Amino acid sequence: MTTPNPPVQPDKARRHPVVLEEQAQRAADLQLRIADRITAFAGSMNFVYIHVALFTIWMLFAESKPWPTLTLAVSLEAIFLSTFVMIGQNRQAAFQQAKADHDFTEQELELKTNTELTREIDRLTTELHSRLLDKPARQQS
């Protein structure tokens, strides 16, 4: 019985250059690191569990009529969390554009290289063909 191979983790040498550049930019900016952490936490189940616990405690023990204050708190939280979601979407859009620009540049370079190689192969083939066809004619004379 064979055991399946564990998934291979990509190393930095195999990552897309735009990904590496984006990671470096994000690591260098304190505000972006904070936004990333908040977004990561707000998108986790721990965030949900903590809110369920806090809201339950608040409604049952902290206030006799929690609805106006709770509504205000939840609305303010929604405003801030939606801002972090928008920051993440803007960041993702910028990343996708940078990646698309990089890929386009690389593909254009590859196309140019392939075109040059194809022309050189054609030139060499034509030269080889003419030498082979001219050689028997010279030998017969």
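Among residues belonging to the range 77-123 that are closer than 17 Å to R37 by Cα and among the hydroxyl-bearing types (S, T, Y), point out the one that is surrounded by the most Cβ atoms within 10 Å (Cβ to Cβ).
In this case the residue turns out to be T83.
From the residues in the range 49-65 that are of a type outside the set (G, A, S) and not in a helix (DSSP H, G or I), which one is surrounded by the fewest Cβ atoms within 10 Å (Cβ to Cβ)?
Only one residue fits best here, namely K65.
Residue pairs, Cβ under 9 Å, 6 or more apart or interchain, first in the range 63-75 and charged (D, E, K, R), second surrounded by 12 or more Cβ atoms within 10 Å (Cβ to Cβ). List them.
E63/T69; E63/L70
Could you check the range 1-40 and list, in sequence order, the residues that are more than 19 Å from Q96 (Cα to Cα), at pLDDT below 85 and among the polar types (S, T, N, Q)?
Passing the criteria: T2, T3, N5, Q9.
Does Q96 qualify as being under 32 Å from the mean Cα position of the chain (by Cα), under 18 Å from Q23 (Cα atoms) and either modelled with pLDDT of 95 or more or assigned to a helix (DSSP H, G or I) (or both)? Break it down into steps so the answer makes sense when it comes.
Values: under 32 Å from the mean Cα position of the chain (by Cα): yes; under 18 Å from Q23 (Cα atoms): yes; either modelled with pLDDT of 95 or more or assigned to a helix (DSSP H, G or I) (or both): yes.
Considered against the rule, which asks whether it is under 32 Å from the mean Cα position of the chain (by Cα), under 18 Å from Q23 (Cα atoms) and either modelled with pLDDT of 95 or more or assigned to a helix (DSSP H, G or I) (or both), Q96 comes out as yes.
Could you list, in sequence order, the residues of the range 21-48 that are polar (S, T, N, Q) and surrounded by 11 or more Cβ atoms within 10 Å (Cβ to Cβ)?
Correct list: Q23, Q25, T39, S44.
Yes or no: the range 66-75 includes at least one residue that is within 30 Å of R26 (Cα to Cα), within 30 Å of the chain's Cα centre (by Cα) and in a helix (DSSP H, G or I).
No, the range 66-75 has no match at all.
Could you tell me which of the residues L124, L117 is under 30 Å from V18 (Cβ atoms) and either part of a helix (DSSP H, G or I) or at pLDDT below 90 (or both)?
Details: L124 fails: under 30 Å from V18 (Cβ atoms).
Answer to the selection: L117.
The values are calculated or read from the model by the stated rules, or taken from the named source; none is laboratory data. Worth saying up front: this structure is predicted, and the values here are computed from it rather than measured. Backbone-built Cβ (ideal geometry, glycine too); neighbour counts: all protein chains shown.
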